[in-house]
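Encoded as structure tokens, the structure appears first; notes follow it.
The values are calculated or read from the model by the stated rules, or taken from the named source; none is laboratory data. As the structure is a computational prediction, the values presented were derived from the model and not from experiment. Cβ sites come from the backbone with ideal geometry, for glycine too, and all protein chains shown count toward neighbours. Ligands, DNA and RNA are excluded from the accessible area calculation, which covers all protein heavy atoms including side chains. Shrake-Rupley method; radii C 1.70, N 1.55, O 1.52, S 1.80 Å.
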Amino acid sequence: MNKLNALMASAAIAMTGFGTGEALADEFRLGLITPPTHVWTLAAEDFGAALAEASDNAHSVTVFPARQLGNEAEMLQQLQTGALDMAFMTVAEVSNRAVEFGAFYTPYLATDIEHAAALLRSDTATAMLDTLPGTVGVVGLGFGSAGMRQILTNGGVTDAAGLDGQKIRITPFQANLDFYNAIGAAPTPMPLPAVFDALANGQVDGIDMDAELIWALNYYEHADTMIETNHMMFPMVALVSGRVWAGLSEEDHAMIAELMGAAVDSTLDTYVERDGPWLEQIRGTGITYIEAGPEFFGDAIAEWNGIWEERAGEALANLRAAAAELE
Ligand code: BEZ
């Protein structure tokens, strides 16, 4: 977020009555649901170190990974009340409160991981953050990512018809629910920390997931087929509580915006570099490996587009135009 946007965010928060004028925190708590070794968690740690250094240790950040402070819905609520200072969070969760953010999950909006990174860095995407203080009561300081979405499943699936009726774990948000309903699957919303057990004990047939976690958390050991679909990008957003932000000085705003923005932005490069190698490692396990594009999903994409053109038409059109320019 640039200085002007940061000032506008402060104004929007003040207008919603959040401002107190006093400093509320300089020992910040930052929450995430990802495990300690995950790319997001490491970026959060880097941000904390950079902020401590830049502020001559006036500010510190304690990172709470692995849902220690609650799931994303709970953390977003804590950000709104000021009980939590900061979070790196899926845009999926934000889209549960600000529906236009669901447009980021337009199937095949980004053609690949590089395209997704460029789109998340675009002015169009960044401008969407400016609405968050007014709509959700949080300040968005930049986008990161967790790569592209893939399908890992059981039952010898070879085409989309094979997913019919399958219980597929999804991240809990509407855009994904609509996608799997359109496919004819039985989408099963479930937060990340619950996924391993659900897949391992057969509570779900398959999962919607990214390459990093399929590989790093050994999800592939509990499935027979990996379908590399790259069907959606999976953005993350750096958030600061609107209440906490309102209590900070302009100097702190600039410092936090720059360092937090840089930390989440670095995850875009990490996934560009590592998504391909993670996919190759999964392929190398000998699991049945299918590469699929939009045609795999038949009419489901058109059905999803129809729903979301009604629900978030302007954001969707803007993101599509930005994506087309970046191709
Ligand atoms: C998921 O819900 O699949 C997810 C959440 C955060 C990071 C990566 C994946």
Inset, instruction - Mind listing the long-range amide H neighbours of Q166? Cut-off is under 5 Å, sequence gap 5 or more, other chains count too, H placed in the peptide plane at 1.01 Å from N. - result: A186
Legend entry - Charge context of D265, other residues only, Cβ under 14 angstrom, K/R +1, D/E -1: -3
Inset, instruction - Assign unit charges at the C-beta atoms only (+1 for Lys and Arg, -1 for Asp and Glu), then state the dipole size of the chain relative to its Cα centre in Debye, rounded to the nearest 20. - result: 660 debye
Inset, instruction - Compute the Kirkwood hydrodynamic radius of region 119-180, taking the inverse of the mean of 1/r over all pairs of distinct Cα atoms, and give it in Å to one decimal. - result: 14.9 Å
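Summing Lys, Arg as +1 and Asp, Glu as -1, what charge do residues with Cβ under 13 Å from the Cβ of N218 carry, N218 excluded?
For residues surrounding N218, the net value is -3.
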Legend entry - Tilt relative to the chain, helix 250-283 - C-alpha long axis, 0 to 90 degrees, to 10: 20 degrees
Inset, instruction - For the chain, give the share of DSSP beta bridges that are antiparallel, in percent and rounded to the nearest 5; count only bridges with both residues there. - result: 55 percent
Legend entry - Simple Cβ-charge dipole of region 78-225, Lys/Arg +1 and Asp/Glu -1, about Cα centre, in debye nearest 20: 260 debye
Inset, instruction - Any chance you could run the full-extension gain for D224 through A254? It's 0.36 nm times the residue separation minus the Cα-Cα distance, nm to one decimal. - result: 5.9 nm
Legend entry - Solvent-accessible area per residue for region 191-275 (1.4 angstrom probe, square angstrom): 32 Å²
Legend entry - Protection proxy ranking of 246-253, 307-314, 127-134 - average other beta-carbon atoms within 10 Å, highest first: 127-134, 246-253, 307-314
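To the nearest 0.05, how large is the calculated FRET efficiency for D299 and A66 if R₀ is 45 Å and r is the Cβ-Cβ distance?
On the way: r = 39 Å, r/R0 = 0.86.
Working from the Cβ atoms, E equals 0.70.
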Legend entry - Additional length obtainable on full extension of the chain from E310 to Q281, 0.36 nm per residue less Cα span: 6.5 nm
Legend entry - Gain upon complete extension [D159, A73; 0.36 nm per residue less C-alpha separation]: 27.6 nm
Legend entry - Charge tally in the Cβ shell below 14 Å around G156, where Lys, Arg are +1 and Asp, Glu are -1, G156 excluded: -4
Legend entry - Cβ charges +1 (Lys, Arg) and -1 (Asp, Glu), total dipole of region 227-327, debye: 320 debye
Legend entry - Distant alpha-carbon pairs in the chain (separation over 34 angstrom), percent: 21 percent
Legend entry - Whole-angstrom Cα spans of region 237-286 along principal axes, big to small: 54, 17, 9
Inset, instruction - Would you kindly derive the ³J(HN,Hα) couplings of region 127-143 from the backbone phi angles with the Karplus curve 6.51 cos²θ - 1.76 cosθ + 1.60 (θ = phi - 60°), listing them in order in whole Hz, with x for Gly and Pro? - result: 4, 5, 5, 5, 7, 4, x, x, 8, 10, x, 10, 9, x, 10, x, 9
Inset, instruction - Between A262 and T288, take the C-beta separation as r, use R0 = 45 Å, and let me know the FRET efficiency to the nearest 0.05. - result: 0.65
Legend entry - Estimated FRET transfer efficiency (A52, D130; beta-carbon r; R0 25 Å; 0.05): 0.35
Inset, instruction - Could you check how much of the accessible area of the chain is carbon and sulfur, as a whole percent, using a 1.4 Å probe? - result: 49 percent
